[in-house]
1. Taking Ile319 and the conditions (1) at pLDDT below 95; (2) touching a Lys or Arg at 6+ places or on another chain (Cβ under 8 Å), which numbered condition does it fall short on, given that it satisfies the others?
2. What's the number of the condition Tyr254 fails, among (1) over 21 Å from the mean Cα position of the chain (by Cα); (2) assigned to a helix (DSSP H, G or I)?
3. Looking at the stretch 182-199, which of the residues that are in contact (Cβ under 8 Å) with a residue 12 or more places away in the chain and assigned to a loop (DSSP other than H, G, I, E, B) is surrounded by the fewest Cβ atoms within 10 Å (Cβ to Cβ)?
4. Could you check how many residues of the stretch 307-331 are in a helix (DSSP H, G or I), charged (D, E, K, R) and free of Cβ contacts under 8 Å to residues at least 12 places away in the same chain?
5. Tally the residues that are surrounded by fewer than 22 Cβ atoms within 10 Å (Cβ to Cβ), free of Cβ contacts under 8 Å to residues at least 24 places away in the same chain and either of a type outside the set (Asp, Glu) or under 21 Å from Leu315 (Cβ atoms) (or both), restricting the search to the stretch 227-246.
6. Suppose we keep only residues that are of a type in the set (A, V, I, L, M, F, W, C) and not in a helix (DSSP H, G or I) within the stretch 67-97. Which one would you say is nearest to the chain's Cα centre (by Cα)?
7. So if I check each of Glu45, Glu26, which one is in a helix (DSSP H, G or I) and more than 18 Å from Glu97 (Cα to Cα)?
8. Only one of Lys161, Lys182, Lys238 is of a type outside the set (Phe, Trp, Tyr), out of contact with any strand residue (DSSP E or B) (no Cβ under 8 Å at 6 or more places or on another chain) and on the phi < 0 side of the Ramachandran plot. Can you tell me which?
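The values are calculated or read from the model by the stated rules, or taken from the named source; none is laboratory data. Quick caveat: nothing in here was measured; it's all calculated off a predicted structure. Positions of Cβ are generated from backbone atoms using ideal geometry, with glycine treated the same way; all protein chains shown enter the neighbour counts.
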Amino acid sequence: MSPQDKPLTKDDFINSCWKDLINNSERKDCRTYFQAFWKKAREAEEVGNVREQSVYAILASVTSPAIKPESTEEFFADVFKNLTDEQLNFLAEIVVEISDSELQARLADILWVKQRNYKMAQLAVSTYLQSATTLENPHDWIYCFDRIERAFHLAQKINHKKDEVVLHIEAVLDRYNGEDPKWLTSKLLGLLQKYRLGDPIKHANVAEKAASFAESANDWRKARTLWEIKAVWHRLEKDYEKERVASMLAAETYVKEAESFLKENPPSYLAASRFMQQAVEAFRSISGTKEQTVNARARAEEVHKLLLQYQEQTLNEMIVSSHEIDVSELVEQARNHVRGKNFQNALFALTLLGAPTNVSELRKQVQTQASEFVFSDLFPAVMVNEMGKVVARQPGSVLSTNPDEAEAATNFQMYRNAIYNQNVQAQAYIEPARYQLAFGLI
């Protein structure tokens, strides 16, 4: 066996100067490392350094995928299914030599997923948390949160170091005290809440402070999420009155968001109406007895009255969009269908004009339209009456991965297309033929 064909060793890794690449990386995350490793592998290939090329090629392959915290177990198992035993043994040999927590966490996670090495899972939990600390940035929070979440799921999986992860999360929450500018506090509270970990009263207070902070910045979506998180914490401690108060505050953010669109120049009643509709639904959904929800129901009625006023104004923002269809040939066919017959035969011929709706063809038509005009399907249809009031909404997307939603949306569009087809038949066939009969032009 030539030296080039021998399995890679720890010495090959150490001699590759991998630390220099990581030290020079602007951000300490695997995707950034991947680019540096891949570039170095190409350079080694160009100069014929086969062993160094192999080291960097493996490092590039294991750092390329991004973390998918909840599905990393299955995702890593699939994406790294082609790693050979020889390559895994190489990773196992070098993992303890790695001083960078991000890279060490990635290798340990892979070795856990591929070899079910319990110690590697333990190592991954600790090093993911260390990497999260390195990557912590309240403005660019996703990198930090993904690693905390992956550490959390791993700790749950192996039933080890859960307390360590919870303590890390609570330390981050304490550090920002509800005043981080983005979503880190919200996501961490949601993670603890999902598994019912931590002090409900303490975390409800953090959620309240964070929600108020978000409202002061007019970040209504984040504020709404945090009020909802606060409501759930109160539910967990069985303080249902505080839960209702928090739910009311969450619903109120829809109203405030609607009002923000009316302060724009020009105001948008279309956008405001959408959020007011959601506000009405949110107030009406607040649970409790009739006596306990009297305030919520009263507020729902107030908001509903405003909604009707806003919807009337939406008509001024709507743009007429139309297109022409040349039905002259169809009209002539309809007239010829009854022309030259006595009245009884012409009347009978009239009843045979047009074609009944073919349901299977209608379904196929809707699905084809959704596939060809994907952008339109992303924004489900809303139907309004002459007062601007919403009278129907398409329930989701025809292309949804949820079969119930897709079926409901398909049926909605099938009815719309059926009505359109019937109107075309009425105007192109029935009316011209009826006109022939009515005026005796047979």
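1. Single failed check for Ile319: (2).
2. Checking Tyr254 against (1) over 21 Å from the mean Cα position of the chain (by Cα); (2) assigned to a helix (DSSP H, G or I), the one that fails is (1).
3. Among those residues, the one meeting the criterion is Arg196.
4. Residues of the stretch 307-331 that are in a helix (DSSP H, G or I), as a first pass: 307-314, 328-331.
Next cut, charged (D, E, K, R) only: 312, 329.
Among the residues that remain, those that are also free of Cβ contacts under 8 Å to residues at least 12 places away in the same chain are: 329.
Qualifying residue count, the stretch 307-331: 1.
5. Qualifying residue count for the region: 3.
6. The initial filter retains those residues of the stretch 67-97 that are of a type in the set (A, V, I, L, M, F, W, C), namely 67, 75-77, 79-80, 83, 88, 90-92, 94-96.
Going one step further and asking which of them are not in a helix (DSSP H, G or I), we end up with 67, 80, 83.
Numbers: Ile67: 17, Phe80: 26, Leu83: 32 Å.
Checking each candidate, the answer is Ile67.
7. Details: Glu26 fails: in a helix (DSSP H, G or I).
The conditions single out Glu45.
8. Lys182
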